[in-house]
Each structure stands twice: as structure tokens, then as C-alpha cells.
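In what follows, a structure is listed as C-alpha cells, so that the remarks can point back to it.
Quick note: the coordinates plus some simple rules give every number you see, no bench work behind them. Small disclaimer: the values here were computed from a predicted structure and weren't measured. All Cβ positions, even for glycine, are placed from backbone atoms using ideal geometry, and neighbour counts span all protein chains on display.
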Amino acid sequence: MKNLISMRDVSKDDVLRLIDLAGKIERKEVVPEMSGVLAALLFFEPSTRTHFSFDTAMKKLGGNTFSMTGTSTTSVKKGETLRDTLMTISMYADLIIMRHKVEGAARFAAETVDIPVINAGDGANQHPTQAMLDMYSIQKTQGTLNDLKIGLVGDLRLGRTVHSLAQAMADFNPTFYFTSPQHLQMPAAIKDDLTAKGVHYEEVDDLREIIPELDVMYVTRIQKERFAVPEDYEKVKNSYIIRKSMLENVKDNFKVLHPLPRVNEVSTDVDNTPYAYYFQQARNGVFMRQAIITTLLGKA
Ligand code: CP
């Protein structure tokens, strides 16, 4: 692995190696050393978790970072192209971690510069480091990645995390239940990938039918910022809200995951149940991102 752009490029062995390394880093069995290594955090789109957890991961590794948050204070404002921005940054940094609204921007970056590139989210396409920390969270809470029943709920069309997670889990014989507003269903390209790998999935309208069956319910926000017509967002924004009262008959191992940020799709009354795992999930991101950086820079 030189770059991490899409979960389609990541093998089952890569996934297992990264999860193993993240666990060793969390338990302090491995302490990778990255002093002198400088990562550029280029966030053309807003972020809390991905930005700050990469920053934290890099500093815990002994390395350093510099950040771009939005373009207003950079020469992008003067019309500099993405290519010239990337080429320039690659003269300063050892690694580029980039979030951009354009699908394919991270792939373009990897093809443009000679240093490793990590996709921190490209439009509605992919968010592979989120998928890796999601897999790590699933492994930790379920004790396995194999043969799980996973509900993916919310904006499955525009939410990039579910695309990466569905592709990543496909090697582990999951059963998926997709629940979304009609126009926000899982894209055909992702379903085709699942079908090609023999993965069973169902579209389910009524969440209550499947909740008692699930090991994991992965909830996503309706991606307001990707709607061309604001009225369309208003029509679907409250389609699915997970409440504590809906979780009365769940399995003992059941967990609610969410990449965050949430708006209102998981009620705060779920937070104090044993099923809520989304803040621990965000914490797991630091260990997984340490593992990813270490692996890409050949220090694993
Ligand atoms: N999960 C996630 O990508 O969160 P941020 O948008 O805050 O980085």
C-alpha cells in the first residue's frame, strides 16, 4: 500500500493487518516512531473527527502536521489549480491527507504527487479510513468480522462512509439490511460489487422488523450539503430517527455505530444505553489512523 484512496483497492489481508496493528498500538504493544515526518492535512471540506484524529495520530507517532481548513486563506482563492496546490504541498510534506468535495479528487492527487496520499473523503464517493476504523470498532465489539448481520440506515446514496464500509465488509460474509429514503438508496455500483462477491443484502422499509436480528446498526446522517435542491432535503431529513424505545428486543452484542456528526437521526436518549458506541468509535479512529500512517510510510 502506497496510497489509501478506496476500499476497493484494499485486500482482506490488508484489512486484517491494519486491524491487528491498530490493536497493538492501542494496547501499546507496538510504539511506531515517526519523528521528523510531516503530514499535510488538506481539508477542502469541513471536518471534526477526521481532521483532528489524523492530527492526533500523527503527533502521537512523534511526527508533525500542518493544516489547511477551507481555501479562504490559501492561493486556491487566487485561482491556483488543485494540481499546482498538490505539487507545491508535496515539496514540503512527506504525506498528504486530503478531503475534497469532488469525487475522484484523492485518486487525482495520488496520480499527481510522488508522496503517499490518504483519502479523507471525496464527495459522496469513498471514506476509506472511516471504513477501517468502523471495521476496527466492529471487531472490538463483536469479537469477529465474520458472518454479521449489519443494518445500514440513512443516506446510503450520498453518504460515502457506507459505500466504503459495505465494500470493506464484503469479504467477511455479512448480511446487509439497507434502510433509506427512496431516493437515497445504496448506489447500483456498490450493490453490483456486493453481488459479485456473493453478499446477501435486502432493502428494508420498516426498521422495527430487523432490529432484533442485527449485530450492528450503522446509522448515517442525511447529507444536507450534497442536495442540489434544499426542499428535497426538507422532505427526507427526519425519515429515520433511532430512539431508545426501539431497542428493547435487541441482541446482547448489539451496537449502534455512527460515523458522526449526527443531526437527529440517533436520539440522545440512546447515548446512555449499552448499545451506543459512536464516541468510542471516534476514539478508535486515532489508533486506526496511526496504523494506516505507519503502514503507508513503511514503518510497520
Ligand atoms: N466521520 C467523519 O468523517 O467526521 P468528520 O466529517 O467530522 O471528519
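With an 8 Å Cα cut-off and a minimum separation of 6 or more residues, compute the relative contact order for the chain in percent.
This gives 21 percent for the chain.
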Protection proxy ranking of 251-258, 78-85, 234-241 - average other beta-carbon atoms within 10 Å, highest first:
251-258, 234-241, 78-85
Mind checking Rg over Rh on the chain, alpha carbons, Kirkwood formula for Rh?
0.96
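Of all DSSP beta bridges in the chain, what percent run antiparallel (nearest 5)?
Around 5 percent of the beta bridges assigned by DSSP in the chain are antiparallel ones.
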I'd like the Karplus ³J(HN,Hα) series for region 286-300: coefficients 6.51, -1.76, 1.60, θ = phi - 60°, whole numbers in Hz, and an x wherever there's a Gly or Pro.
5, 5, 5, 6, 4, 5, 5, 4, 4, 5, 5, 8, x, 9, 6
Quick check: pseudo-label points 7 Å beyond the Cα along Cα→Cβ at S239 and T48, how many nm apart are they?
2.4
Within region 171-198: backbone nitrogen closer than 17 Å to the D147 label point (7 Å, Cα to C-beta):
171-176
What is region 128-282's relative contact order, in percent, from Cα pairs under 8 angstrom and six or more apart in sequence?
25
Cut-off under 5 Å, modelled amide H: who pairs with K149 long-range:
T175, D215, V216
Report P(r) for region 110-166: all Cα-Cα distances, bin width 5 Å, range 0 to the bin holding the largest distance, values in whole percent.
4, 17, 21, 22, 16, 11, 5, 3, 0
Straight-line reach from K255: which aspartates and glutamates fall under 17 Å, measuring Cα to Cα and dropping same-chain residues less than 8 apart?
D134, D147, E209, E213, D215, E265, D269, D271
Which listed pairs, of K12/K224; K2/K28; K59/K191; K149/K191; K60/K244; K77/K235, have C-alpha distances above 27 Å, in listed order:
K12/K224; K59/K191; K60/K244; K77/K235
Could you sort 47-53, 218-224, 141-147 so that the peptide with the highest average Cβ count within 10 Å comes first and the rest follow in order?
218-224, 47-53, 141-147
Using only the alpha-carbon atoms, what does region 1-86 span along each of its principal axes? Please give whole angstrom values in decreasing order.
47, 30, 23
What percentages make up the Cα-Cα pair-distance distribution of region 128-282 when the bins are 10 Å wide from 0?
11, 45, 37, 8, 0
Over all pairs of distinct alpha carbons, what does the Kirkwood formula give as the hydrodynamic radius of region 1-155, in Å?
16.7
